[in-house]
Amino acid sequence: MRALLRTGAWVVLAVIVGCARAPERPANPGGHRVAQADVELKVESVTREADTLAVTYAVHNRTSRAVLLVDGLWDVGFSGHLTLAPERAYVDLSGGRVVLSRMLLPVPEDLMVEAPEVPAVSRVEAGATANRRAVVPLPLRTALPYPTGPEETRELPEVREVFLRVGYLPDADAMTLHAGKDSQGTAVQTPEYGPVVKAQRVLDSGPLPVSDAK
């Protein structure tokens, strides 16, 4: 899936002021999350823009040290070259819910892969705020790094709520990063898969209503 920037008229579906805060321990996507005031996810809007659905949000780092957002997902071209897609999100339509995620998704235990998909990271200093958007094409389609079932498709009028999940690493300076460039020459930094699986925390917005879909 390619992150698309669209111009022209757009239709506001819902405006939400919602907060989700970081768990106190590494979070298994879908598991219980404990509220904590240190790192906060605030969703500002859910909008339809032409043929995309966009979620605008901010991550506030109120800790005394820098954190790393695990939000640099990749667009894989026909040649297999990786290009950073700043607004891309994974889409999971299983279980009757729409979950958009910008984080490392662990490789399923029963699946063998040659190389796990590890997002690039972006640094958020102590006391700073990162403003972000997640943009996915319509109609919604399953877009996961390790699909374990059939691809699902959902038209926007069928969607009443979405969930947003964002991964981060709580101690930026404790993580070993590898510097490089994507296929377009953009500088990127990527961690190693194993340490991220252990250290990643997950911010979960909870259900975000989508109304007046057209």
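The values are calculated or read from the model by the stated rules, or taken from the named source; none is laboratory data. Every value quoted in this text rests on a predicted model; they were computed, and no experiment measured them. Using ideal geometry, Cβ is built from the backbone for each residue, glycine included, and neighbour counts are taken over all protein chains shown. Only protein heavy atoms, including side chains, enter the accessible area calculation; ligands, DNA and RNA are left aside. Shrake-Rupley method; radii C 1.70, N 1.55, O 1.52, S 1.80 Å.
Label region 117-194 by shape, choosing from rounded, prolate and oblate, from the square roots a ≥ b ≥ c of the eigenvalues of the Cα gyration tensor; if a/c is under 1.5 it is rounded, and otherwise prolate applies when a/b is larger than b/c, oblate when it is not.
Here region 117-194 falls in the prolate category.
Subtract the Cα-Cα distance of Asp173 and Arg160 from 0.36 nm times their separation in residues, and report this length gain in nm to one decimal.
0.7 nm
Do you know the relative contact order of region 39-208, to the nearest whole percent, from alpha carbon pairs under 8 angstrom that are 6+ apart?
Computed value for region 39-208: 29 percent relative contact order.
Hey, what do the phi angles of region 49-56 turn into as Karplus ³J(HN,Hα) couplings, whole Hz, using 6.51/-1.76/1.60 and θ = phi - 60°, x for Gly and Pro?
Couplings: 10, 6, 9, 10, 10, 10, 10, 9 Hz.
Ranked from the most accessible area to the least, with a 1.4 Å probe and all protein chains present, what is the order of Thr148, Thr52?
Thr148, Thr52
Return the percentage of antiparallel bridges among DSSP beta bridges fully within region 39-208, rounded to the nearest 5 %.
90 percent
Heads up, I need the accessible area for Ser45: 1.4 angstrom probe, whole protein in place, Å², nearest 10.
Accessible area, nearest 10 Å²: 20 Å².
Taking the Cα centre as origin and putting +1 on Lys and Arg beta-carbons and -1 on Asp and Glu beta-carbons, what dipole magnitude results for region 158-214, to the nearest 20 debye?
It comes to approximately 60 debye.
Taking amide H atoms as placed 1.01 Å from N in the peptide plane, list the residues 5 or more away in sequence, or in a different chain, whose amide H sits under 5 Å from that of Ser45.
Residues meeting the amide H criterion: Ile16, Thr56.
If I stretch the segment between Met112 and Leu138 completely, what's the gain in nm (0.36 nm per residue apart, minus their alpha carbon distance), one decimal?
6.3 nm
How are the alpha carbon pair distances in region 39-208 distributed across 5 Å bins from zero to the largest one, expressed in percent?
1, 8, 17, 20, 21, 17, 10, 4, 1
Taking Cα atoms of region 52-94, Rg/Rh with Kirkwood Rh, to two decimals?
Taking Rg over the Kirkwood Rh, I get 1.07.
How big is the dipole moment of region 39-208 about its Cα centre under a simple scheme where the beta carbon of each Lys and Arg is +1, that of each Asp and Glu is -1, and everything else is neutral? Debye, nearest 20, please.
Approximately 500 debye in magnitude.
In whole Hz, with x marking every Gly and Pro, tabulate ³J(HN,Hα) for region 81-97 from phi via Karplus 6.51 cos²θ - 1.76 cosθ + 1.60, θ = phi - 60°.
Once θ is set to phi - 60°, the couplings for region 81-97 become 6, 9, 10, 4, 10, x, 10, 6, 9, 6, 10, 10, 10, 6, x, x, 10 Hz.
Spelling out what I want: for every residue of region 130-137, take phi, set θ = phi - 60°, compute 6.51 cos²θ - 1.76 cosθ + 1.60 (Karplus), and round to whole Hz; glycine and proline get x.
Whole-Hz 3J(HN,Hα) from phi for region 130-137: 9, 9, 9, 9, 10, 10, 10, x.
What does the charge count near Val98 come to, summing +1 for each Lys or Arg and -1 for each Asp or Glu among other residues with Cβ under 13 Å from its Cβ?
So the environment of Val98 carries a net charge of 0.
Provide His178, His60, His81 ordered by accessible surface of protein heavy atoms (probe 1.4 Å), highest first.
If we order His178, His60, His81 from most to least accessible, we get His81, His178, His60.
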